[in-house]
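The values are calculated or read from the model by the stated rules, or taken from the named source; none is laboratory data. Computed from a predicted structure; not experimentally measured. FYI the Cβ positions are ideal-geometry reconstructions off the backbone, even for glycines, and counts take in every protein chain you see. Quick note on the areas: whole protein, heavy atoms, side chains included, nothing else; ligands and nucleic acids left out. Shrake-Rupley method; radii C 1.70, N 1.55, O 1.52, S 1.80 Å.
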Amino acid sequence: MTNTYFLLFPSCVPVNGTKVSIIMDLDKGTYLEIPNLLHDILSIDLQRFTIHEIMKKFDHQYDQGIKEYFQFLVDNQYGFYTKDPKPFRKPEDIFYSPYKIISSVLAINTTTNYDLPEVLKQLDRLSCQLLQIRIYDPYDMDKLFNSLSPLKGSSIKICEVYVCYYSLISEEQLITICKEYPNVIIVVHTSKEKKQINISDEFNKKIVFTGEQVHANTKEVYDPSLFTISHSMYYESRHFNSGLHRKVCIDTDGSIKNYLSHTKVYGNIKENKISEIITKPKFQERYFITNDQIEKCKSCQFRYMCVSNSDIIKKNGKYFKKHTCNMDF
Amino acid sequence: MIDDSEKYKDLISIPEHPSISYDLHKISISHQSKKNNSKRFIYMKKYRGEGSILDFYKPNSNILSIKEND
């Protein structure tokens, strides 16, 4: 024990919270709740101090607890013992993405008159990976089928389409869209009945009908079951706002924004190209405001796994989210 | 997804011949194999044709809370 070190695996990251801390396992996509005191212990430079030296730092008040906790972490594959910590370097704390746009949300209603196929082509040229199309009102499925044609062979990996239920909506048309465009996921909102239609047993692909409504004032849902733990998510959220970083949104009027619910407009898709808007420094400001800088979020143990697209306001030199979760962690 | 790994077991295992260096093992298997490997490529095309990897490192925007069995 005198010359033994305890190290966490590089993929196991301790994160402090107000009431409780966690260790995120970026490989397995899980987390473990731990007391704040254990987080304080794990925040010591474990490569520099042996277990015995760590116990000494706390005046030997917590020796038994430290021994048991370290053993617990070893048993559950969060850490290991070693006599030589030097070969185990921490991974670089960097995030790199080659995509000019990572995600986008488009909104459509009965008054929308921007060219959807043209928008999809522009997003493809910017290597957009994730797309969400929110159709608030009943919409012609044949028109939708044709409008989605630029998705074929595009950079867009996943396209979620929220379609408004109406009596003439045909399941066959929806299935045709999903089969023609394998990267499209359809959710039918405002439906009278909840059901799921299997598209493909092999790939567990379904069309979901839900009674929930999607409209211009729909708010984001914050729930631990929707949190994401991954290497990329962690490193991105250390340096960028994980929701707003390289995101561009276009509302029903064609206004180009960081996110649909934000009030600040940077241009209109009927007059401007997306590529010219996203390079404006003002547009990119919100990319760089991380949860570590925002009040309430900065002391939340889930700040590196929570995707929030809330607008951010600055008051008295501090950042606040306009819409926060109501969770009391 | 159907687990077809049994089909490709012979392509995955490495022969124990000591005179063949590790990096040449795969080449020697494919050269000596009398099996028709074209089925493997059909499988890959089928995978690409019927689906895509519906996964990304983060969600776009969570506005609905739909559970698996809703």
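Some values worked out for this structure:
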quantity	calculated
Solvent-accessible surface ranking, highest first, for A:Asp84, A:Asp137 at 1.4 angstrom	A:Asp84, A:Asp137
Calculated FRET efficiency for the pair A:Gln61/A:Glu180, C-beta based, R₀ 51 Å, to 0.05	0.20
Carbon + sulfur, % of accessible area of chain A - ligands and nucleic acids excluded, 1.4 Å	49
Largest to smallest accessible area among A:Phe72, A:Phe95 [probe 1.4 Å]	A:Phe72, A:Phe95
Packing-based order for A:210-221, A:256-267, using average beta carbon neighbours within 10 Å, highest first	A:256-267, A:210-221
Rounded to the nearest 20 debye, dipole of the stretch A:144-238 from Cβ charges on Lys, Arg, Asp, Glu	80
The stretch A:146-242: projected area of the alpha-carbon convex hull, averaged over directions, in nm²	8.6
In the stretch A:65-98, the trypsin sites (Lys or Arg not before Pro) that fall in loop regions by DSSP, at most 14 other Cβ within 10 Å	A:Lys83, A:Arg89
With eigenvalues of the C-alpha gyration tensor scaled by 5 and rooted, the stretch A:87-205, Å	30, 19, 14
In the A-B interface, the accessible area buried, summed over both sides, Å² (probe 1.4 Å)	3000
Percent of Cα-Cα distances greater than 14 Å, calculated over the stretch A:280-320	47
Computed E for A:Lys270/A:Asn76 - FRET, C-beta separation, R0 51 angstrom, nearest 0.05	0.35
Ratio of the Cα radius of gyration of the stretch A:230-329 to 2.2 N^0.38 Å, where N counts its residues	1.12
Scattering profile of the stretch A:1-99 at q = 0.10, 0.15, 0.18 Å⁻¹ [log10 I(q)/I(0), Debye over alpha-carbon scatterers]	-0.28, -0.61, -0.86
Rg in Å to one decimal, and Dmax rounded to a whole Å, for the stretch A:103-147 via C-alpha atoms	10.8, 30
Chain A - accessible surface per residue (Å², probe 1.4 Å)	48
Mean-position separation - Cα centroids, the stretch A:158-235 and the stretch A:51-86, in angstrom	46
Whole-percent pair-distance distribution, where bins are 20 Å wide, for the alpha carbons of chain A	27, 48, 22, 3
Two-site label geometry, A:Glu92 and A:Phe320: point separation in nm, points 7 Å out along Cα→Cβ	3.9
Equivalent ellipsoid, the stretch A:52-156 (semi-axes from 5 times Cα gyration tensor eigenvalues, Å)	56, 18, 12
Separation in nanometres of the label points that stand 7 Å from Cα toward Cβ, at A:Asp115 and A:Ser299	5.2
Dipole axis of chain A (+1 Lys, Arg; -1 Asp, Glu on Cβ), positive-most option in A:Thr210, A:Gly153, A:Asn36	A:Asn36
22 Å Cα-Cα threshold exceeded, pairs from A:Lys282/A:Lys321; A:Lys19/A:Lys247; A:Lys121/A:Lys321; A:Lys195/A:Lys257	A:Lys19/A:Lys247; A:Lys121/A:Lys321; A:Lys195/A:Lys257
Heavy-atom accessible area order for A:Met24, A:Met327, largest first, 1.4 Å probe	A:Met327, A:Met24
Rg followed by Dmax, in Å, when the stretch A:80-122 is reduced to its Cα trace	23.2, 68
